[in-house]
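Take a look at the structure below.
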Amino acid sequence: MGDLEIAEDAVQDACAAALTQWPAGGIPDHPRAWLIGVARHKASDRLRRESRRTEKEAAAMRDGALGWAAGGAGPDTAAGEPVPPAGGPGEAASSADDELGLILACCHPALDPAVRVPLTLRSVCGLPTAEIAAAFLVPEPTMAQR
């Protein structure tokens, strides 16, 4: 998510706030300054919220992984005992877990958005680089470098 998207959303939220507040309280003396101030606050709130969400997700992943590795109650345990995967015991369930882990790794927010989909198509779906390049309308060597 880029700064431009956050700014656009903040301005839109500020305009929506103006539409609800100005009819009741009147137009402020400096409407442009009011809109800019509200947009700035909305953007700041959103960035703060995103930061907290990211921190909580990282902590949850860390706690879940540590709990599972130690044999404690993690996300897939109950009272310290592993809960069998929904797919049932055996290699099929392990394969599904591995595939889910691969999908999540390919879609990690730290990766460049232009790389996520091609990486997922190659790693998870097994599509050859030539087909992915054709789908994205780029030369095959360019796609191979991503």
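A short reminder: the numbers here are calculations on the coordinates, not readings from a lab. The structure presented is a predicted model; accordingly, all values stated were derived computationally and were not measured. No Cβ is skipped: glycine too gets one built from the backbone with ideal geometry, and neighbour counts run over all protein chains shown.
Ordered by the number of other Cβ atoms lying within 10 Å of each residue's own Cβ, fewest first, Ile27, Ile132 fall into the sequence Ile27, Ile132. Extension gain for Glu99-Ile27 works out to 20.4 nm (0.36 nm per residue, less the C-alpha to C-alpha distance). Peptide packing for 97-104, 35-42 was compared via the average number of neighbouring C-beta atoms within 10 Å per residue; ordered from the highest value, the list is 35-42, 97-104. Lys and Arg at +1, Asp and Glu at -1: add these up for the other residues within a Cβ distance under 13 Å of Val124 and post the number. Computed value for this residue: 0.
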